[in-house]
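Data block below; observations after.
The values are calculated or read from the model by the stated rules, or taken from the named source; none is laboratory data. Everything numeric here is computed off the predicted structure, so don't read it as measured data. All Cβ positions, even for glycine, are placed from backbone atoms using ideal geometry, and neighbour counts span all protein chains on display.
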Amino acid sequence: MGTTWMRPRQQYSGNPEIGLVCEPSRRATIAVQALRLATRFEMFQMVGKSSSRSLTRNEECHLDEALQKLLSISSSEIVGTSVDADRARVYLQKWGPIGNNLTELLCLKNGFWAYESSLLLRPFQSDSPPLGIVEWNQCDLWKDSYCGSLGDYLFFAEDVFGCQFCLGQQGVCLFDPETCQFERLGDTLGGWAKVVLDDYEYRTGYPLSHSWQLKNGPLLSGSRLLPRVPFVLGGKFELENLYTCNDVEGMRFRSSIANQIRDVPDGADVIL
């Protein structure tokens, strides 16, 4: 079995809602860059204004505090077309109460970015980047490239490296595309949101995402940051080891790594 790795935690002095670091000598340059990010992603909620659809008193009762907080700091919805709630409920009914909660969330905001595009929650349906949940979960898009079935999981969100947040029978999980391993994060969608909010730098890859975009410009829709040397093979969490890649191509490429290290001993050769 391949080596299990854990993403290193990074120290960062910035604020994810305004995107500015605290180095006076770079403040003017970074402020200009931050404004570019604000225009592209509509991420900066300077006056605490939420871009989600207005919630009624009854609707607010269905979303816990963590989900409401995540909505409040996220971008405007990715797809302006309202979600067909009945169709979404049928599509997501396999995942029980968590699926129902995801339907409610999508009806309030049909997909969004957060933490300067480090976190993506996909819209329900979209043929254009970023692809919707329905399109992203089609078996022949990338799931079939992994050994073993991923059909029992619904992938609905991801961090900047393309690590997938998903619904499964055991709750909400994180799927590592390089190892095909799952990490259980909680029983509910609200529990997942709290995990992200409480540890957003680690759970979204925000520090590296922020630094990379200040240097290279905003990430394009449908792209993620991938390591030149895969993390599981010793690649470093550094800017020099990152490049942009189409999200589908990135998943298919890393499936070849996961498939090769699935049942091999440490130290075996891997073909990239």
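Taking the numbered list (1) more than 17 Å from Leu120 (Cα to Cα); (2) surrounded by 14 or more Cβ atoms within 10 Å (Cβ to Cβ) in turn, Pro218 passes all entries but (1).
Let me confirm something: among Leu141, Leu63, Leu120, which residue is buried (at least 20 other Cβ atoms within 10 Å of the Cβ) and either polar (S, T, N, Q) or at pLDDT 95 or above (or both)? Can you show your working first?
On the way: Leu141 fails: buried (at least 20 other Cβ atoms within 10 Å of the Cβ); Leu63 fails: either polar (S, T, N, Q) or at pLDDT 95 or above (or both).
The match here is Leu120.
Within the stretch 184-210, the only residue that satisfies the criterion of being of a type in the set (S, T, N, Q) and either at pLDDT below 95 or more than 22 Å from Pro130 (Cβ to Cβ) (or both) is Thr188. In the condition set (1) touching an Asp or Glu at 6+ places or on another chain (Cβ under 7 Å); (2) without any contact (Cβ under 8 Å) to a residue 40 or more places away in the chain, Phe112 is compliant with all but (2). Checking the structure you have, find out if any residue of the stretch 246-263 is within 22 Å of Leu150 (Cα to Cα), at pLDDT below 90 and assigned to a loop (DSSP other than H, G, I, E, B). Yes; the residues of the stretch 246-263 include at least one that is within 22 Å of Leu150 (Cα to Cα), at pLDDT below 90 and assigned to a loop (DSSP other than H, G, I, E, B).
How many residues does the stretch 222-245 hold that are within 29 Å of Ser149 (Cβ to Cβ) and polar (S, T, N, Q)? Qualifying residue count, the stretch 222-245: 1.
Only one of the listed residues (Ala85, Ala114) is under 30 Å from Tyr202 (Cβ atoms), touching a helix residue (DSSP H, G or I) at 6+ places or on another chain (Cβ under 9 Å) and modelled with pLDDT of 95 or more. That residue is Ala114.
Scanning the stretch 125-144 for residues that are farther than 20 Å from Glu77 by Cβ and not in a loop (DSSP other than H, G, I, E, B) yields Lys143, Asp144.
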